Structure formats: C-alpha cells, structure tokens
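K.L.:
Have a look at this one before I ask anything.
The values are calculated or read from the model by the stated rules, or taken from the named source; none is laboratory data. Note that the structure is predicted; figures quoted are calculated from it, not measured. Glycine also receives a Cβ, built like all others from the backbone with ideal geometry; neighbour counts cover every protein chain displayed. Each accessible area value is taken on the protein alone, full model and side chains, heavy atoms only, with ligands, DNA and RNA left out. Shrake-Rupley method; radii C 1.70, N 1.55, O 1.52, S 1.80 Å.
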Amino acid sequence: VQTCALPIFSVGGQTYSIDYLVVAGGGAGGTSGSGVGIPAGGGAGGYQSVTGATVVSGSTYSVMVGAGGATTTGGTATVGGSGGTSAFLSTVSIGGGGGSPGRDTNQQGVAGGSGGGGSTSNGSAGN
C-alpha cells in the first residue's frame, strides 16, 4: 500500500466540487503447486465512484493506493494473496480476494472487493 499527500493548489480557502473514483488492488490467482487441478483467478478490486465531493484549496489530502495481491511460485498449492485497500477522503475500496489453489486442495477463494475464484471440487468462491 502506498500513501501520499495530494495538495490542492490555488488561491487559499476556495472550495471545489470534484468527482473521483477509488479502485483497490486485484487479488492474485492461486498456485496449484505439484497437485492436480487448475488454480482459480483472483477477484477484482472493489471500486466506488463519488460525485460532488468538496475539497478546499491550500489543503492536503491523503491518498492510499492498494497494490495487487502477491502470488507464489514453486511446488506448494497456495491461495493467492488479496489485493490492497485504496482510499481517498472518506471513501474506502476493499482489495480483491485471492483465488483458490485448485481442486485437490478443497480450499475456497478469499472474500474481498470481489471474491477470488473457487476450486472445482467445492465450487466455492470468496464473497
């Protein structure tokens, strides 16, 4: 997750109405390792759009940008990592859930902004 300051420059004290979109990081797909089965994809990061938000010139606002989920390589079946949360003003979007490693593990995808895909044996995706 990266956080930075977003300064609004202009004549001090003026207010502006802005529209913005906050998109979180996507989840990583699962890794099947040496087992049988195809791993599932990660879920999309959540998003929210806002219209008519007020910002004031001369002020600084924090922006948090969520990274995509981490995945692993190698011989171990692993659930994909979830994406990071993103935020601006009072709007928060949740990262996507990691995907299942595959049918031989019987593990579900992880819940998130959009849940990660499920394995073929249990069919359960994250919420």
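K.L.:
Considering each residue of region 26-53, count those that are more than 23 Å from Thr85 (Cβ to Cβ), open to solvent by 60 Å² or more (accessible area, probe 1.4 Å) and of a type in the set (Ser, Thr, Tyr), and give that number.
P.N.:
1
K.L.:
How about region 45-113: which strands (runs of 3 or more DSSP E) wholly inside it have at least 3 residues that are of a type in the set (A, V, I, L, M)? Even if it seems obvious, please write down each step before you answer.
P.N.:
Values: elements: 47-56, 60-65, 86-88, 91-93.
By residue number, 47-56, 60-65.
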